[in-house]
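The values are calculated or read from the model by the stated rules, or taken from the named source; none is laboratory data. Here the structure is a predicted model, which means the values were calculated and not measured. Here the Cβ positions follow ideal geometry from the backbone for every residue, glycine too, while neighbour counts run over all protein chains shown. These accessible areas exclude ligands, DNA and RNA; they are computed on the full protein's heavy atoms, side chains included. Shrake-Rupley method; radii C 1.70, N 1.55, O 1.52, S 1.80 Å.
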Amino acid sequence: MTTPGPPIEADAATAPFFAAAARDELLLLRCKGCGAWHPPEVTTCCGPLEWVAAAGRGIVVTWALVHTAPHPDFADAVPFRTAIVELTEGPWLQVRLTAAGEPAAGSPVRITFAHPAEGASYPVGVLEGP
Amino acid sequence: MDAAIVGLGITEVGRVYGRSAPDFAADAVRRAVTDAGLTLADVDGLLVSSGTTQDVDVSLQRRLGLRDLRLLSAMQAFGATAGAMLAHAAAAVTHGLADVVACVFADAPRRAGESSGAAYAGRRRYALTGAPALRTVAGGNPTVQYALAARRHMQTYGTTSEQLGAVAVAQRRWAALNPLAEMRRPLTLDEHQASRWIAEPLHLLDCCLVSNGGAAVVVTRADRAADLARPPVHVLGLGQGHPGYPAARGSGFGLTTGAARSGADALGMAGVRTGDVDVLELYDCYTYTVVVTLEDYGFCPKGEGGPFVAAGHTAPGGSLPVNTGGGQLSGYYLWGMTPLTEAVLQARGHAGERQVPRHDVVMVSGNGGILDHHSTVVLSPHRRERVR
């Protein structure tokens, strides 16, 4: 099955994150100063940030069923679900949910990875049973 | 603060094709200055803001032939910009940095034969690199992010799609009374419910219009305002709130917004309470933002914005008129200038068939980004000491 959506690429800051995604591994940022976990877009905390392996588990905070393609490369994929997932470590990650099933707030999610033919690998979400 | 809005200019707006955003901006400024009974030579301050076309900039000075300005800037806080420009202008005239400041917004995203969605999508720049690209491949875009916010509100507080629909229906009733509004045909809740999904839980009729056009206001010191052509609209209160939501556990995204801080600050500066507010003009890029802003401003308890609107309070004849020109959902979409322009007309008492009888205190919101930026303005036909 082809992966919907446009090809994306890492930048210098996120190169380790996307390299890990290609190996089916989720990395998050953790502050060496206070130990706080951060999502990939954060660049500043009280100390240096390092990439650390995350559990790849979380719960649905909220979701939407997308009917109008948000990018032309999703035209053949609608409708699909997108969700904000609160990872076990605390950071939020927005992912496309790849399997059918109606989520609810708090539904458990496992992070897996999409490996599109073009562009970087990236995390997606699978709803887990209750 | 010792400032008043003395001029208002609104260009032709809506499906008006073949004109650039800078052209609309210049037109709006000329109209606002004329409306005030001033000339362009009186203007010594200009604040400009762009929408999607991003081409309304400080070169508007040359386009208008303005000489020797003392204040000139392009400002950008997205939907909160109109309130932010007004705050900057009001402070400038109060402290003598300028005497007559024009604040303008214009945009021209629509082309003939193209849908609103296509007009906006075609001008969107997608993040395809680094961390922001994760939202793109997750299927996010501004409407989807608002759907995520609305869903969280619904899950947490029990807000329903029918309650969101009540916002659209109430505002369409107001729009029917507004000759400037694009959508004036009556709307039923059934039609709202039957309109296609854009990003569930948002139907098409939960989403605002897309319009071409421009709007400007002219601000001067309150003592000067009394001698001009129009009844002055005094700036009593100002506030902003930029929550900087963390993308992490504990975030209030979707539940509470920058309106909470911004509204309280603006009401405090004005020396009034929610119960003193006669008219409310809220930024309504989506029906949901009306609901959450009513709550955050304190017009109803948290979580009861949906039932509040469904009970009819905000519609014509209700206890709290909201978005009396039809708002961005049914009137016209000029970002923060939509609520601000209607507020000026109501405060003056010049809103025609839709004029509300009591308009001593008018409260205006602006909301930008994905609930990232909020501005509030409290206006009155009276100076602060004469309100209440």
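Values computed for the structure shown
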item	result
Residue-by-residue Karplus 3J(HN,Hα) for region B:360-368, coefficients 6.51, -1.76, 1.60, Hz, glycine and proline x	6, 10, 10, 10, 10, 10, x, 9, x
Heavy-atom accessible area order for A:Glu89, A:Glu9, largest first, 1.4 Å probe	A:Glu9, A:Glu89
Amide H contacts under 5 Å for A:Arg81, placed H, 5+ residues apart	A:Val66, A:Leu97
Mean accessible surface per residue for region B:256-338, computed with a 1.4 Å probe while every protein chain stays in place, in Å²	26
Using distinct alpha-carbon pairs, which all enter the 1/r mean, Kirkwood radius of region A:15-127 in Å	14.8
Length added when fully stretched, B:Ala226-B:Arg15, from 0.36 nm per residue minus Cα-Cα	72.3 nm
5 angstrom amide H check on B:Leu236, placed H, neighbours 5+ away	B:Val378, B:Leu379, B:Ser380
Sulfur and carbon atoms: percent of accessible area, chain B [1.4 Å]	50
Distance (nanometres) between label positions extended 7 Å along Cα→Cβ at B:Val58 and A:His115	5.2
Fraction in percent of alpha-carbon pairs per bin - 10 Å, the protein assembly as shown	4, 19, 28, 24, 16, 7, 1, 0
Whole-angstrom gap from region B:301-368 to region B:51-85, using each part's C-alpha centre	26
q = 0.18, 0.21 Å⁻¹: log10 I(q)/I(0) that the Debye formula gives for region B:178-304, counting C-alpha atoms only	-1.25, -1.33
Model label zone, B:Arg273; criterion: amide N under 13 Å from point 7 Å along Cα-to-beta-carbon; scope region B:357-388	none
C-alpha center-to-center spacing [region B:181-240, region A:1-75] in angstrom	37
Segment A:Thr43-A:Ala22, length gained on full extension (0.36 nm per residue, minus Cα span)	5.3 nm
Value of relative contact order over chain B, rounded to a whole percent, pairs C-alpha under 8 Å and six or more apart	24
Helix axis angle, B:259-270 relative to chain B longest principal axis, alpha carbon, degrees	30
Size of the B/A contact, given as accessible area buried on both chains, probe 1.4 Å, in Å²	3000
Accessible surface of region A:24-108 [probe 1.4 Å, protein heavy atoms]: carbon and sulfur percent	52
Alpha-carbon centroid distance for the pair region A:85-119 / region B:247-298, whole angstrom	31
Kirkwood hydrodynamic radius of chain B, from inverse mean 1/r over distinct Cα pairs, in Å	20.6
Peptides B:354-360, B:277-283 ordered by average Cβ neighbours within 10 Å, highest first	B:277-283, B:354-360
Relative contact order of chain A, pairs being alpha-carbon contacts under 8 Å that are 6 or more residues apart, as %	26
Among B:Gly14, B:Ala119, B:Thr314 the positive-end extreme of the charge dipole of chain B (Cβ point charges)	B:Ala119
Largest to smallest accessible area among B:Arg386, B:Arg230 [probe 1.4 Å]	B:Arg386, B:Arg230
